[in-house]
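Presented below is the structure to which this report refers.
Nothing in this text is a laboratory measurement; each read-out follows from the coordinates by a stated rule. This structure is a prediction, so every number in the text was calculated from the model and none was measured. For neighbour counting, all protein chains shown are included, and Cβ atoms are generated from backbone atoms with ideal geometry for every residue, glycine included.
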C-alpha cells in the first residue's frame, strides 16, 4: 500500500528521499492565487487547479515532474508533498489522487497481464 502525506512548509521541511516540494518553485505549483482568505476562495482555487491539472498534465515539464513523483512513490512506498496550505485544502490533494490512480491502474494492468498468461 502506498501512502501520500501533505505537509505545510511552516511546520516541517523536506529532508528525506520521499520528500518533495510542490510549492511555487516547482512545475506542479498552483498558479492560481487566493484573493481572500476564506474556505470558499480556497475551494475555488483548488477546483481551478483541478481543471488546470487535467489540461497540463500531458505537457512535457508537468508530465516529467509527475513521472518523477510516481517513481519516488514506487521506490519508497510513500511520498511527502510540501506546500503552504496543509492541513487546509490544497492542490497537493489533486496530485496525490492522480498518483494513486496511476499506481492503481498499473496494478490492474499487471494483474490483467498475469491472468492472461
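The modelled label-to-label distance between residue 76 and residue 34, using points 7 Å beyond Cα along the C-beta direction, is 2.6 nm. Cβ-to-Cβ counts within 10 Å put 91, 2 in ascending order as 2, 91, the fewest first. Can you tell which of 50, 61, 40 shows the greatest fluctuation in a Gaussian network model of the chain with Cα springs below 10 Å? Comparing 50, 61, 40 in the GNM, the peak value goes to 40. Evaluated on the range 3-116, the Kirkwood hydrodynamic radius is 14.9 Å, with distances taken between all distinct Cα atoms.
Taking a point 7 Å out from the Cα of residue 9 in the direction of its Cβ, the residues of the range 32-76 whose backbone N falls within less than 16 Å of it are 32-34.
The mean sequence distance of close C-alpha pairs (under 8 Å, at least 6 residues apart), as a share of the length of the range 3-116, puts its relative contact order at 44 percent. Computed from Cα atoms, the angle from the helix 60-76 axis to the main principal axis of the chain rounds to 70 degrees.
Kindly express, to the nearest 10 degrees and within the range 0 to 90, the angle between helix 92-116's C-alpha long axis and the longest C-alpha principal axis of the chain. It works out to around 10 degrees. Put in line by how crowded their Cβ is, counting other Cβ atoms within 10 Å and starting with the fewest, 90, 46 read 46, 90. The helix-only estimate of mean residue ellipticity at 222 nm for the chain, built from DSSP H runs of length n ≥ 4 each weighted as -39500 (n - 2.57), is -17500 deg cm²/dmol after division by the residue total.
Sorted ascending by nearby beta carbons within 10 Å, beginning with the fewest, 3, 55 become 55, 3.
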